[in-house]
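All of the numbers you see were taken from the coordinates with simple rules; none came from a lab. The shown structure was predicted, so the numbers you read here are calculated from the model rather than taken from an experiment. Note that we place each Cβ from the backbone using ideal geometry, even for glycine, and neighbour counts take in every protein chain shown.
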Amino acid sequence: MSPYVPVLGLMLLAGIFVSVAMFLSSRVGPRRFNRSKYDSFECGIEPTPAPVGGGRFDVKYYVTAMLFIVFDIEVVFLYPWAVAFDKLGTFAVVEMAIFIVTVFVVYLYVLRRGGLEWD
């Protein structure tokens with residue numbers, strides 16, 4: 001139980017901080033309620049009603065999301081490999097080289113298709 005005492009203490013401290021902050025903000029904060037305060041805010045642009053069919057997003061948003069996932073997965077695999085690099089053998093180095101080449105091929109494909117160009 002003793003290794004968990006600092007974690008429990010930190011959780012208790014965080015809970016106390018959140019409770020005190022919420023209480024103080026409700027007591028000290030301004031109480032001016034108006035229509036613009038409850039209106040949705042979208043980066044300074046006046047919000048428009050959603051189209052009936054749900055609207056369409058440009059494909060470049062999906063490509064950006066897929067690129068993020070590809071490179072995020074690359075980091076997830078590369079970080080533990082880099083930490084244990086001195087304990088790994090030649091087989092692991094070859095596997096990681098193949099993995100990096102595969103990810104590089106994906107990057108070149110997207111670059112060639114214009115997925116990184118914004119209009």
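The label point for THR64 and the one for LEU78, both projected 7 Å from the Cα toward the Cβ, are 2.1 nm apart. Spacing of the modelled spin labels on PHE71 and PHE104, each 7 Å from Cα toward Cβ, amounts to 1.6 nm.
Summing charges over all other residues whose Cβ lies under 12 Å from the Cβ of VAL103, with Lys and Arg as +1 and Asp and Glu as -1, gives -2. Take the Cα of TRP118, step 7 Å toward its Cβ, do the same at SER19, and the gap between the two points is 4.4 nm.
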